[in-house]
């Protein structure tokens with residue numbers, strides 16, 4: 001019993017009766033494919049319903065790597081590689097505001113899906129909660145009218161015309177106050193200890209500095225301390 005790429009069925013996954021039919025076929029030993037005409041099935045997609053039913057029925061699922069708007073968008077954003085994928089924005093404004101407030105506190109790249117019909121309603125909220133950050137609008141990735149729009153969140157304005165195709169939004173990590181530095185964490189110290197004999201002090205300082213909000217002077221001094229102990 002498994003779900004992978006071999007035998008094709010064209011079905012409406014949103015109907016429970018079809019889900020039952022698929023599960024029954026899988027239990028009979030059939031191999032069924034879950035495919036999508038855009039993106040990865042079950043990632044912000046109704047295909048998740050079938051995947052969950054297979055899990056409940058102890059049916060093996062084999063993912064086949066394919067196009068992902070999320071990883072593709074992050075790869076060209078120029079933002080932190082530490083990202084959180086949220087999916088589509090909530091429908092209710094009260095819920096939306098509550099979620100954006102929580103997300104705005106996270107110091108990581110944020111990725112959202114949004115339909116072109118709703119983008120202009122979202123923009124005012126983005127300007128409130130993500131002021132000072134950068135944003136990339138990715139449209140029609142890998143298709144004929146592929147487009148990437150880079151902006152500062154503060155400069156966002158509503159689209160004069162409704163964009164064609166689904167949008168993937170990538171918002172940069174939270175901008176930290178450069179004058180407020182943290183102390184070296186135990187994780188940072190362990191990483192430095194692992195690197196200190198393999199790389200130069202300059203390389204270690206550069207790497208650790210890019211991945212934590214610790215002053216380069218503190219990193220440098222800790223490197224020298226380790227060097228003297230060796």
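Count, please, the residues in segment 64-82 that happen to be assigned to a loop (DSSP other than H, G, I, E, B), within 21 Å of residue 48 (Cα to Cα) and in contact with a strand residue (DSSP E or B) (Cβ under 8 Å, 6 or more places away or on another chain). Lay out the reasoning, then the answer.
Going through segment 64-82, the residues assigned to a loop (DSSP other than H, G, I, E, B) turn out to be 64-68, 78-82.
Within this subset, residues satisfying the condition of being within 21 Å of residue 48 (Cα to Cα) are 64-68.
Remaining after also requiring in contact with a strand residue (DSSP E or B) (Cβ under 8 Å, 6 or more places away or on another chain): 64.
Residues flagged as assigned to a loop (DSSP other than H, G, I, E, B), within 21 Å of residue 48 (Cα to Cα) and in contact with a strand residue (DSSP E or B) (Cβ under 8 Å, 6 or more places away or on another chain) within segment 64-82 amount to 1.
Would you pick out the residues in segment 140-154 that are touching a helix residue (DSSP H, G or I) at 6+ places or on another chain (Cβ under 9 Å) and surrounded by fewer than 14 Cβ atoms within 10 Å (Cβ to Cβ)? Can you show your working first?
Pass one, segment 140-154, residues touching a helix residue (DSSP H, G or I) at 6+ places or on another chain (Cβ under 9 Å): 141-142, 148, 150, 153-154.
Residues satisfying the conditions are 142, 150, 154.
With respect to residue 166, determine if the residue is more than 26 Å from residue 95 (Cα to Cα), at pLDDT below 95 and surrounded by 14 or more Cβ atoms within 10 Å (Cβ to Cβ).
So residue 166 does not fit the description; no.
Mind listing whichever residues of segment 193-212 are touching a helix residue (DSSP H, G or I) at 6+ places or on another chain (Cβ under 6 Å) and at pLDDT 85 or above? Talk me through it step by step, then tell me what you get.
Pass one, segment 193-212, residues touching a helix residue (DSSP H, G or I) at 6+ places or on another chain (Cβ under 6 Å): 195-196, 201, 204-205, 208-209, 212.
Passing the criteria: 195, 196, 201, 204, 205, 208.
For residue 127, indicate whether it is assigned to a helix (DSSP H, G or I), in contact with a helix residue (DSSP H, G or I) (Cβ under 7 Å, 6 or more places away or on another chain) and loosely packed, with under 13 Cβ neighbours inside 10 Å.
Details: assigned to a helix (DSSP H, G or I): yes; in contact with a helix residue (DSSP H, G or I) (Cβ under 7 Å, 6 or more places away or on another chain): yes; loosely packed, with under 13 Cβ neighbours inside 10 Å: no.
Spelling it out, it is not the case that residue 127 is assigned to a helix (DSSP H, G or I), in contact with a helix residue (DSSP H, G or I) (Cβ under 7 Å, 6 or more places away or on another chain) and loosely packed, with under 13 Cβ neighbours inside 10 Å.
Residues to consider are 48, 38; find the one that is surrounded by 11 or more Cβ atoms within 10 Å (Cβ to Cβ), assigned to a helix (DSSP H, G or I), modelled with pLDDT under 80 and outside the structural domain of residue 111 (by TED's automatic domain parsing).
On the way: 38 fails: assigned to a helix (DSSP H, G or I).
From the options 48, 38, the qualifying one is 48.
The values are calculated or read from the model by the stated rules, or taken from the named source; none is laboratory data. This one's a predicted model, so the numbers in the text were calculated from it and none came from an experiment. Positions of Cβ are backbone-derived with ideal geometry, glycine not excepted, and every protein chain shown enters the neighbour counts.
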